[in-house]
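Heads up: the structure comes next, in structure tokens.
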Amino acid sequence: MISFLSEFTRDVDSPSTFIVMDADGLDQPRHYKVVPRNVLFLIAGAVSALSVILLAIVALTPVKELIPGYGSAEMRQDVRYNELRVTALLDSLESQQEYMGHLRQLMLGEVDADAAGAAPAESGGAPDAAGTTVQVEPPTNWSDHQQPAMSVDRLVARGPETMRLANAASVYLPGVALPALPPVDGFVTSGFDARSGHYAIDIAVEAGTTVRAIGDGYVVMADWTQDGGYALAVQHAGGYLSVYKHNQRLLKRTGDRVSSREPIAESGNSGEITTGPHLHFELWHNGLAQDPAAFLVNL
């Protein structure tokens, strides 16, 4: 066969005559004149056409998913969804770290007055993703936070020149009446343990139970946290800060003023670090965690 092909393609422009006859030699022999160049063109065209057909089948039909290393449409969609989830988790982690940093500064009294920016315009709005300006409803008691806001620590009379501030103390925040009633009616499942880092008491209640503020104050944090779920913190006079975690719903937002025993949330089981429906309640005083059981009655 090799010698035949070599002889056939020796001169591609010279015609070659092929004689076809049956094995018995009974039929009349048939003669065919063939130009090698035309035969080679015909073979190349057939191979090219077959290659195009195969590529079209692979590109336009699900057959391509059978090729090793080629991801299916579902796999590529899962990859895109996973990328979005990772990005969202990173953004959430960054936001939670920022929230925890602000909350820590608040608890430790490390708030820098020079870091406060100018107050936003009263009638302004915020652009959404499409660039359309969306009017934002101002929070309740927003005027109480108009800069320069009066620090709770300054609402203490130290002489005749500060009598005006002392009189303003009763207008802004009355002191917390301690001992106070617990924020929810339930039973304590986990107590305060500073050694293990549990700066709170856990009160077991059914999901949806009304959570009440232990005293008058301002909501300084109301948002989702990775560990504590829907969490809310209230700043009280006298350096007290109460924190309520694992809620299923928040009834107040940052900046709202709340009164003693006013509903502020609904208990739940949100967040990653939780063992069931309960309220995680913390009480801080001048940046130090306190055992809430010593400040509450009827537990």
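The values are calculated or read from the model by the stated rules, or taken from the named source; none is laboratory data. Being a predicted model, the structure only gives us computed values, none of them experimental. All Cβ positions, glycine included, derive from the backbone under ideal geometry; neighbour counts span all protein chains shown. Ligands, DNA and RNA are stripped out before the accessible areas are found, and what is left, the full protein with its side chains, is counted by its heavy atoms. Shrake-Rupley method; radii C 1.70, N 1.55, O 1.52, S 1.80 Å.
Tabulated values for the structure
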read-out: Near pairs, Cβ below 8 angstrom, 6+ apart or cross-chain, from region 9-21 (modelled with pLDDT under 75) to any residue that is assigned to a strand (DSSP E or B) and open to solvent by less than 80 Å² (accessible area, probe 1.4 Å); value: Phe18/Val34
read-out: Filter pass, Leu288 being out of contact with any Ser or Thr (no Cβ under 6 Å at 6 or more places or on another chain) and modelled with pLDDT of 95 or more; value: no
read-out: Flag if Leu288 is hydrophobic (A, V, I, L, M, F, W, C) and in contact (Cβ under 8 Å) with a residue 24 or more places away in the chain; value: no
read-out: Any hit, region 275-282, residues being within 21 Å of the chain's Cα centre (by Cα), surrounded by fewer than 21 Cβ atoms within 10 Å (Cβ to Cβ) and not polar (S, T, N, Q); value: no
read-out: Which numbered condition Arg257 misses (of (1) touching a Phe, Trp or Tyr at 6+ places or on another chain (Cβ under 7 Å); (2) within 29 Å of Leu93 (Cβ to Cβ); (3) of a type in the set (D, E, K, R)); value: (2)
